[in-house]
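First up is the structure itself, then whatever we jot down about it.
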Amino acid sequence: MEKYNALDETSKGALGAPLGEQEKNEDGGVYQPFKGGVIISSDAGTFVVWGLIRDKWNELGGSQGELGYPTSDETTNADGQKQSVFQNGTLTWTEGEAEAVVVEAPAPSAEPTP
């Protein structure tokens with residue numbers, strides 16, 4: 001409820017009405033589904049996932065899938081795309097496109113050998 005109350009009126013309108021009660025995943029994550037998105041909490045924080053980014057994330061298994069939980073709210077990147085960062089990757093959406101796309105998480109940098 002705290003996250004919802006922190007949203008501006010435009011965002012609340014886009015999120016829409018709740019579709020049911022708050023639910024809990026087996027791993028302890030908590031989520032509240034809305035008509036236009038979801039507010040989801042985990043150890044990484046509480047974030048909103050919505051629109052075509054949410055659709056793609058759900059297609060990939062949501063918080064229990066390959067991308068895991070969100071670690072950011074939706075932002076606009078330097079290329080003007082909407083993006084949300086997850087534990088195991090990033091989803092971006094370009095205005096006018098039919099769906100969001102997965103951007104692979106950067107590979108960890110190799111430790112220099114002594």
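The values are calculated or read from the model by the stated rules, or taken from the named source; none is laboratory data. Small disclaimer: the values here were computed from a predicted structure and weren't measured. Virtual Cβ from ideal backbone geometry, glycine too; neighbours counted across all protein chains shown.
Details
- Checked against (1) under 20 Å from L7 (Cα atoms); (2) among the polar types (S, T, N, Q); (3) modelled with pLDDT of 95 or more, T94 meets all criteria but (1).
- Each residue in the range 32-44 was checked for being over 13 Å from G68 (Cα atoms) and not aliphatic (A, V, I, L, M), and 6 pass.
- Filtering the range 71-93 to residues that are in a loop (DSSP other than H, G, I, E, B) and of a type in the set (D, E, K, R) leaves D73, E74, D79.
- Residue in the range 14-29 that is surrounded by fewer than 19 Cβ atoms within 10 Å (Cβ to Cβ), in contact (Cβ under 8 Å) with a residue 24 or more places away in the chain, assigned to a loop (DSSP other than H, G, I, E, B) and of a type in the set (A, V, I, L, M, F, W, C) present: no
- Residues in the range 30-68 that are in contact (Cβ under 8 Å) with a residue 40 or more places away in the chain and of a type in the set (V, I, T) were compared, and the one that is farthest from K82 (Cα to Cα) is T46.
- Considering the conditions (1) touching a Ser or Thr at 6+ places or on another chain (Cβ under 6 Å); (2) modelled with pLDDT under 95; (3) over 21 Å from M1 (Cα atoms), E66 is excluded by exactly one of them, (1).
- Among the numbered conditions (1) more than 21 Å from V103 (Cα to Cα); (2) part of a loop (DSSP other than H, G, I, E, B), the only one that G68 does not meet is (1).
- Within the range 1-11, the set of residues being charged (D, E, K, R) and either in contact with a Pro (Cβ under 7 Å, 6 or more places away or on another chain) or surrounded by 15 or more Cβ atoms within 10 Å (Cβ to Cβ) (or both) comprises just one member, K3.
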